[in-house]
Amino acid sequence: MTIKYKNIILNNKKVIVGEPDIDNDNSANILIGFHGAESTAENMLVQSNRLKLNNTILIFPEGPVDANEGRWSWWKDGPGQQKSVEEFLGFTNQLIESTHDHFKLSSSNRISLWGFSQGGAASLVYALLGSQTIYKVASVCGFLPEIPTSKVESPLTTKILGIFGSNDEIVPSFLADYALEEMKNRGHLVERKETSQTHELNSENLNDIGIFLNS
């Protein structure tokens, strides 16, 4: 399927949009891809283009935190992370609202999220605490940061695929597994897959994610 890419501005940030040749935009799925920490939207475009998704518009936003040299993150690490995560939630709420307005979406257009590393964490955190309805989440090497204590998680149920590696030197498997267990305990439908991979996003991951999102 041919996908045409273009840059637009949503929520005062550059967003790359990939639109496939589809018969009816009203029935299209929306997939938002969150890049890793200190990375770019272009990195997620390269990976998402390999997913082979059906009838799906791809959205690749830049994170709101400037990591210098044209790189971005979703929140700041260290002291004040909870406040930074709360700002991320507000940013993503507005991004999704802007996406609804730009594409004139209705309730029939399902919005899903996916990401790698901090991007996987961003997908999980938004499904847990965001105010917009999320259909599916795919997280690779994701985790949970410090969650704002004042936030109340969404009562909506999201289908989640969590992939993590036993040899991950950046996000240890016990942290990734804890995040998925926490999502399950809060009522979400979680499918775990532990592999022998390091901190990476590989072709097997992309194949699993494509099957999950197309199902």
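Some notes on this structure:
- Within segment 15-30, residues that are over 19 Å from Asp101 (Cβ atoms) reach partners that are crowded, with 19+ Cβ neighbours inside 10 Å and modelled with pLDDT under 90 with beta carbons closer than 7 Å, at six or more positions or on different chains, in the pairs Ile22/Ala28.
- Flag if Gln94 is surrounded by fewer than 17 Cβ atoms within 10 Å (Cβ to Cβ), under 23 Å from Pro145 (Cβ atoms), in contact (Cβ under 8 Å) with a residue 40 or more places away in the chain and under 16 Å from the mean Cα position of the chain (by Cα): yes
- Ser139 being under 26 Å from Leu53 (Cβ atoms), out of contact with any Cys (no Cβ under 9 Å at 6 or more places or on another chain) and not in a helix (DSSP H, G or I): yes
- Contact annotation: residue pairs with Cβ atoms under 8 Å, 6 or more positions apart or on different chains, pairing a residue in segment 37-51 that is within 17 Å of Thr2 (Cα to Cα) with a partner that is part of a loop (DSSP other than H, G, I, E, B), are Gln47/Leu201.
- Residue identified as over 25 Å from Ser203 (Cβ atoms), at pLDDT below 90 and over 18 Å from the mean Cα position of the chain (by Cα) among Asn68, Asn11, Asn24: Asn24
- For the residues Thr56, Thr2, Thr40, the requirement of being farther than 16 Å from Thr99 by Cβ, β-branched (Val, Ile, Thr) and surrounded by 14 or more Cβ atoms within 10 Å (Cβ to Cβ) singles out Thr40.
- Residue tally, condition at pLDDT below 95 and buried (at least 16 other Cβ atoms within 10 Å of the Cβ), over segment 99-124: 5
- Within segment 172-215, being among the hydrophobic types (A, V, I, L, M, F, W, C), exposed (fewer than 15 other Cβ atoms within 10 Å of the Cβ) and outside any helix (DSSP H, G or I) holds for one residue alone: Leu189.
- Residue match in segment 115-122 (condition: in a loop (DSSP other than H, G, I, E, B) and either farther than 21 Å from Arg71 by Cβ or not β-branched (Val, Ile, Thr) (or both)): yes
- Scanning segment 197-213 for residues that are among the polar types (S, T, N, Q) and farther than 21 Å from Tyr135 by Cβ yields a total of 4.
- Taken as a whole, the structure places Glu62 among residues that are free of Cβ contacts under 8 Å to residues at least 60 places away in the same chain, closer than 19 Å to Asn93 by Cα and among the acidic types (Asp, Glu).
- Selection from segment 176-215 of residues that are farther than 18 Å from Gly119 by Cα and hydrophobic (A, V, I, L, M, F, W, C): Leu189, Ile211
The values are calculated or read from the model by the stated rules, or taken from the named source; none is laboratory data. Bear in mind the structure is a predicted one, so any value in this text is a computation, not a measurement. All Cβ positions, even for glycine, are placed from backbone atoms using ideal geometry, and neighbour counts span all protein chains on display.
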